[in-house]
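The values are calculated or read from the model by the stated rules, or taken from the named source; none is laboratory data. All values reported here derive from a predicted model rather than from experimental measurement. In this analysis, Cβ positions are derived from the backbone assuming ideal geometry, glycine residues included, and neighbour counts consider all displayed protein chains.
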């Protein structure tokens with residue numbers, strides 16, 4: 001049986017960031033990926049937004065890791081010349097009722113550490129329209145530290161760092177099961193892949209994204225009682241044919257399960273709208289029903305009444321790896337390490353939805369801390 005110090009399951013943006021961090025720290029790391037390429041799941045089907053850290057509950061992991069990770073991510077992209085843009089975003093209120101929500105959003109952002117140059121600024125209708133003449137709103141919040149990133153370029157850079165540090169990416173290596181074994185009071189994990197390969201590892205990190213709760217229940221000899229159930233919230237995206245009239249990201253006031261049908265831009269300035277929220281039973285339901293575009297037109301026209309008929313094209317869909325159901329409050333990231341699990345060397349990363357990409361470097365630091373013995 002091949003022996004390795006650390007196995008990381010899942011080569012999405014978070015798994016790559018974690019494997020990179022552990023390899024750079026000097027560990028011998030193998031990264032297992034079930035697909036034939038890295039980053040083909042949730043990581044390749046999102047908005048590519050660098051989030052500021054606005055909406056999350058103060059003190060939550062999402063708030064802490066997003067704010068920390070955003071700073072790290074901008075610095076990393078500058079250092080590695082990865083395509084990104086700190087374009088900022090407007091959170092727009094299109095009714096008097098929504099205007100009342102803006103001060104609460106502003107206060108939540110401040111509680112999360114968005115202060116000084118990162119602080120949200122309340123704009124009047126005229127101030128917002130001076131920035132974006134095509135915009136219709138009653139008021140808005142300006143978030144200067146929100147941005148966009150080339151997520152594939154970012155993952156490619158993480159992979160390069162990982163491999164340069166001696167890490168090994170194993171594609172087409174689907175996790176099947178694992179067992180905890182103890183020898184002389186030292187934990188090891190026998191990790192099995194579908195093709196019959198067995199690895200003996202001292203540490204195991206579950207960064208399997210949509211499959212992470214399922215993976216967590218397949219590690220024999222470890223506690224599974226506290227593992228949350230997986231839920232799948234599909235997000236459909238529609239692209240705009242023609243030139244975008246906007247140069248900043250435009251977000252409506254948040255709604256249940258998501259942030260509303262917002263307008264984001266790619267690095268070429270092309271506009272896309274979404275995601276919406278469509279709860280599905282399995283994570284493979286990725287086709288976009290063009291008929292959902294009818295609802296997109298109605299939502300987008302609340303803040304952009306100039307959207308012309310026939311200009312929205314079904315683009316792609318992604319699945320949020322939720323650990324809360326449709327009628328439950330949004331769950332925080334669930335990061336279970338050796339102390340929480342009572343198992344040395346084991347970390348589960350569960351429910352790592354947005355802002356997972358923004359938080360990826362901070363999550364990686366957190367995993368390293370959890371795996372590092374403290375006196």
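Restricting attention to the stretch 268-291, and to residues there that are part of a loop (DSSP other than H, G, I, E, B) and touching a helix residue (DSSP H, G or I) at 6+ places or on another chain (Cβ under 9 Å), which single residue is surrounded by the most Cβ atoms within 10 Å (Cβ to Cβ)? Explain how you work it out, then say what you get.
First pass over the stretch 268-291, keeping only residues part of a loop (DSSP other than H, G, I, E, B): 268-270, 274-277, 281-289.
Going one step further and asking which of them are touching a helix residue (DSSP H, G or I) at 6+ places or on another chain (Cβ under 9 Å), we end up with 274, 276, 283.
Numbers: 274: 28, 276: 21, 283: 19.
Once the filter is applied, the top-ranked residue is 274.
Go through (1) crowded, with 18+ Cβ neighbours inside 10 Å; (2) assigned to a loop (DSSP other than H, G, I, E, B) and name the single condition residue 309 misses.
Just one mismatch for residue 309, condition (1).
Just one of 250, 319 is in a strand (DSSP E or B) and either free of Cβ contacts under 8 Å to residues at least 40 places away in the same chain or closer than 30 Å to residue 177 by Cβ (or both); which is it?
Working: 250 fails: either free of Cβ contacts under 8 Å to residues at least 40 places away in the same chain or closer than 30 Å to residue 177 by Cβ (or both).
Going through 250, 319 in turn, the sole match is 319.
Assuming residue 23 fulfils every condition listed in (1) at pLDDT 95 or above; (2) touching a strand residue (DSSP E or B) at 6+ places or on another chain (Cβ under 6 Å); (3) in a loop (DSSP other than H, G, I, E, B) apart from one, which condition is it?
(3)
Answer yes or no: is there a residue in the stretch 182-202 that is closer than 30 Å to residue 70 by Cβ, in contact (Cβ under 8 Å) with a residue 12 or more places away in the chain and assigned to a strand (DSSP E or B). Walk me through it before giving the result.
We begin by selecting, within the stretch 182-202, every residue closer than 30 Å to residue 70 by Cβ; these are none.
No, the stretch 182-202 has no match at all.
Mind listing whichever residues of the stretch 1-20 are at pLDDT below 95 and part of a loop (DSSP other than H, G, I, E, B)?
1
All but one of (1) touching a residue at least 24 places away in the same chain (Cβ under 8 Å); (2) surrounded by 14 or more Cβ atoms within 10 Å (Cβ to Cβ); (3) outside any strand (DSSP E or B) hold for residue 71; state the number of the condition that does not hold.
With respect to (1) touching a residue at least 24 places away in the same chain (Cβ under 8 Å); (2) surrounded by 14 or more Cβ atoms within 10 Å (Cβ to Cβ); (3) outside any strand (DSSP E or B), residue 71 is out only on (1).
Which of the residues spanning the stretch 322-365 are without any contact (Cβ under 8 Å) to a residue 60 or more places away in the chain and over 28 Å from residue 27 (Cβ atoms)?
Correct list: 327, 328, 329.
Among what's in the stretch 214-227 and is touching a strand residue (DSSP E or B) at 6+ places or on another chain (Cβ under 6 Å) and either without any contact (Cβ under 8 Å) to a residue 24 or more places away in the chain or not in a strand (DSSP E or B) (or both), pick the residue that is nearest to residue 172 (Cα to Cα).
Keep residues of the stretch 214-227 that are touching a strand residue (DSSP E or B) at 6+ places or on another chain (Cβ under 6 Å), which gives 215-216, 218-222.
Next, from what is left, pick out any that are either without any contact (Cβ under 8 Å) to a residue 24 or more places away in the chain or not in a strand (DSSP E or B) (or both): 215-216, 218, 221-222.
Working: 215: 16, 216: 20, 218: 19, 221: 26, 222: 26 Å.
The extreme case among them is 215.
Which numbered condition in (1) part of a helix (DSSP H, G or I); (2) over 24 Å from residue 146 (Cα atoms); (3) touching a helix residue (DSSP H, G or I) at 6+ places or on another chain (Cβ under 7 Å) is the only one that residue 97 fails?
Among (1) part of a helix (DSSP H, G or I); (2) over 24 Å from residue 146 (Cα atoms); (3) touching a helix residue (DSSP H, G or I) at 6+ places or on another chain (Cβ under 7 Å), residue 97 violates only (3).
Kindly evaluate residue 250 against the criterion of being buried (at least 22 other Cβ atoms within 10 Å of the Cβ) and at pLDDT 95 or above.
Numbers: buried (at least 22 other Cβ atoms within 10 Å of the Cβ): yes; at pLDDT 95 or above: yes.
Taking the combined requirement at face value, the residue satisfies it.
Can you tell me which of 169, 141, 159 is in contact with a strand residue (DSSP E or B) (Cβ under 7 Å, 6 or more places away or on another chain), over 30 Å from residue 301 (Cβ atoms) and in a strand (DSSP E or B)?
On the way: 141 fails: over 30 Å from residue 301 (Cβ atoms); 159 fails: in a strand (DSSP E or B).
The match here is 169.
Could you list, in sequence order, the residues of the stretch 321-339 that are at pLDDT below 95 and surrounded by 15 or more Cβ atoms within 10 Å (Cβ to Cβ)?
Passing the criteria: only 330.
Can you work out which of the residues in the stretch 83-104 that are under 26 Å from residue 362 (Cβ atoms) and buried (at least 20 other Cβ atoms within 10 Å of the Cβ) is nearest to the chain's Cα centre (by Cα)?
Residues of the stretch 83-104 under 26 Å from residue 362 (Cβ atoms): 83-91, 104.
Checking which are buried (at least 20 other Cβ atoms within 10 Å of the Cβ) leaves us with 84, 89-91.
Values: 84: 16, 89: 18, 90: 20, 91: 20 Å.
It comes out as 84.
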